[in-house]
Amino acid sequence: MERKDLIIGVHGVGDTENKERFGSVSAFADGLKKGFEQCGVQAYSVLECIEKQKTPHLTIGFQTVENESWQTILNSGRPNIMWALDSAFWKNTEYIDQFSSYNNFVLFTNTPCDSEPVKKFFPSVKHAYVPAGVDTDIWKKQDVEKDIDILFAGYIEDYEADMERMKKAIPELVYGLMLQIYNLALENPALSFWQIFEILEKHVGLKLDLNQYLLLFRNAGSWIASKKRADMIKALDGFNIKVFGNEVWKKYLPQSACYMGEFSYNEGVDIVNRSKIVLSDQPFQLTLGVSDRIFNAAAVETFVLSSDVKSVELTFSDSIGYFNSKDFSDIAEKADYFLKNEDERKEKAARAKNIILEKHTWKHRADAILQIVETK
């Protein structure tokens with residue numbers, strides 16, 4: 001079958017009611033649909049397929065958008081791809097469990113950290129690591145003044161309060177195991193949860209079913225991610241840094257940081273454009289992947305200062321800056337250097353943008369998916 005004859009249905013296209021605060025599932029769906037069209041494929045929203053009485057050869061959607069239609073699609077024999085933008089074990093795992101028995105259900109994960117646990121807990125599920133792409137029609141450079149020195153956007157949990165709550169709510173042995181995972185992760189930021197799990201499995205004989213795995217991963221993982229974000233911002237006390245996110249940040253921000261509230265997806269494009277440096281800490285649940293925060297900032301030619309994650313270094317090399325993600329001992333020095341050296345900052349940002357244009361647009365992702373489809 002030639003590409004022009006292939007019909008792809010994308011869940012959630014144009015679904016403006018499904019907007020998230022810092023990322024938009026519908027914006028990702030719109031970008032992917034556009035990417036397929038640029039590859040010469042007939043791409044529609046799943047709802048358009050129904051309205052136009054077109055039968056898609058494949059449907060694909062981010063997270064669990066329009067999951068009420070998945071059963072019908074799978075029962076018809078057509079493949080349906082669930083593309084997890086976060087770890088598949090961070091949320092929405094119940095849908096993978098629900099549809100895992102279908103041979104035509106496929107899972108795309110946004111981090112290679114998920115590959116081994118998916119094999120363990122869902123051995124029949126077809127899956128692949130596919131990072132998100134960038135819509136360069138939206139994420140593009142603007143001719144604006146860069147009036148924000150350092151930007152960080154992201155959520156944080158009140159991990160101190162939650163640790164106290166969990167200490168009282170769960171058995172002492174389980175809480176002790178969570179603390180052990182928490183401390184191991186903070187001491188070894190390059191390790192994913194699965195790698196830590198393997199260490200504990202080998203040395204203390206840890207055996208977990210899916211529900212136990214989720215309990216540890218989601219709770220300890222939330223503490224770790226929030227603790228690291230709080231420590232990262234504290235290490236930049238004295239800098240002009242603006243933090244966007246939920247109000248829990250007010251408890252953990254240093255005096256010099258300015259809490260800015262939340263912003264929408266489209267507002268984020270403007271704010272990133274106005275920033276000299278975008279901070280990126282790799283979320284714990286995505287340890288071995290690349291955050292879309294980096295892709296988006298690079299696409300608008302804003303310099304990124306990232307935690308020293310191997311997967312990020314392999315993707316961007318020295319076109320972005322890196323700080324020590326174990327103790328943040330050099331983050332202030334790095335931030336100061338790049339704020340003072342504008343030419344070098346701009347030169348690196350321009351190279352990072354070229355990497356996006358060469359390898360990481362939605363057209364690149366659509367083409368990779370089509371190559372798999374054509375092979376099968």
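The values are calculated or read from the model by the stated rules, or taken from the named source; none is laboratory data. All values derive from a computational prediction rather than experimental measurement. Glycine also receives a Cβ, built like all others from the backbone with ideal geometry; neighbour counts cover every protein chain displayed.
Laid out as a table, the results:
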read-out	value
Flag if S291 is under 28 Å from F217 (Cα atoms) and within 21 Å of the chain's Cα centre (by Cα)	yes
Qualifying positions in the stretch 335-350 - surrounded by fewer than 17 Cβ atoms within 10 Å (Cβ to Cβ) and more than 10 Å from K276 (Cα to Cα)	D336, Y337, K340, N341, D343, E344, E347, A350
Which numbered condition K120 misses (of (1) under 26 Å from I277 (Cα atoms); (2) in a helix (DSSP H, G or I); (3) basic (K, R))	(1)
Whichever residue in the stretch 92-134 is of a type in the set (F, W, Y) and touching a Leu at 6+ places or on another chain (Cβ under 7 Å) and, among such residues, is surrounded by the most Cβ atoms within 10 Å (Cβ to Cβ)	F105
Cβ-Cβ under 8 Å pairs, at least 6 apart or on other chains, the stretch 64-75 side buried (at least 21 other Cβ atoms within 10 Å of the Cβ) and part of a helix (DSSP H, G or I), far side modelled with pLDDT of 95 or more and of a type in the set (V, I, T)	I73/T59
All positions within the stretch 140-155 that are buried (at least 19 other Cβ atoms within 10 Å of the Cβ) and not in a loop (DSSP other than H, G, I, E, B)	I148, I150, L151, F152, A153
Tally of residues being crowded, with 24+ Cβ neighbours inside 10 Å, charged (D, E, K, R) and over 21 Å from L339 (Cβ atoms) across the stretch 263-313	0
Positions within the stretch 97-111 being assigned to a loop (DSSP other than H, G, I, E, B), closer than 19 Å to H57 by Cβ and out of contact with any Gly (no Cβ under 8 Å at 6 or more places or on another chain), in sequence order	Y102, N103
All positions within the stretch 314-324 that are part of a loop (DSSP other than H, G, I, E, B) and either assigned by TED's automatic domain parsing to the domain that holds N110 or surrounded by 19 or more Cβ atoms within 10 Å (Cβ to Cβ) (or both)	I320
Count of the stretch 233-247 residues which are of a type in the set (A, V, I, L, M, F, W, C) and under 19 Å from G268 (Cβ atoms)	4
Those residues of the stretch 167-177 which are in a helix (DSSP H, G or I) and either surrounded by fewer than 19 Cβ atoms within 10 Å (Cβ to Cβ) or assigned by TED's automatic domain parsing to the domain that holds T111 (or both), in sequence order	K167, K168, A169, E172, L173, V174, Y175, G176
Single unsatisfied condition, A332 versus (1) in contact with a Phe, Trp or Tyr (Cβ under 8 Å, 6 or more places away or on another chain); (2) surrounded by fewer than 23 Cβ atoms within 10 Å (Cβ to Cβ); (3) farther than 30 Å from E187 by Cα	(3)
Of all residues making up the stretch 178-232, the number that are charged (D, E, K, R), within 15 Å of F284 (Cβ to Cβ) and surrounded by fewer than 20 Cβ atoms within 10 Å (Cβ to Cβ)	3
Selection status of L107, in contact (Cβ under 8 Å) with a residue 60 or more places away in the chain, of a type outside the set (G, A, S) and touching a strand residue (DSSP E or B) at 6+ places or on another chain (Cβ under 6 Å)	no
Selection status of D137, within 22 Å of the chain's Cα centre (by Cα), surrounded by fewer than 21 Cβ atoms within 10 Å (Cβ to Cβ) and not in a helix (DSSP H, G or I)	yes
Some residue of the stretch 191-205 being touching an Asp or Glu at 6+ places or on another chain (Cβ under 8 Å), in a loop (DSSP other than H, G, I, E, B), more than 30 Å from D367 (Cβ to Cβ) and not assigned by TED's automatic domain parsing to the domain that holds T93	no
Test: residue in the stretch 365-376 that is crowded, with 19+ Cβ neighbours inside 10 Å, at pLDDT below 95 and either outside the structural domain of G268 (by TED's automatic domain parsing) or part of a strand (DSSP E or B) (or both)	yes
Flag for K334 being at pLDDT 95 or above and more than 19 Å from the chain's Cα centre (by Cα)	yes
Residue that is surrounded by the most Cβ atoms within 10 Å (Cβ to Cβ), among those in the stretch 235-252 that are touching a strand residue (DSSP E or B) at 6+ places or on another chain (Cβ under 6 Å) and not in a strand (DSSP E or B)	W249
Residue ID - modelled with the lowest pLDDT, chosen from residues in the stretch 22-60 that are among the charged types (D, E, K, R) and crowded, with 17+ Cβ neighbours inside 10 Å	D30
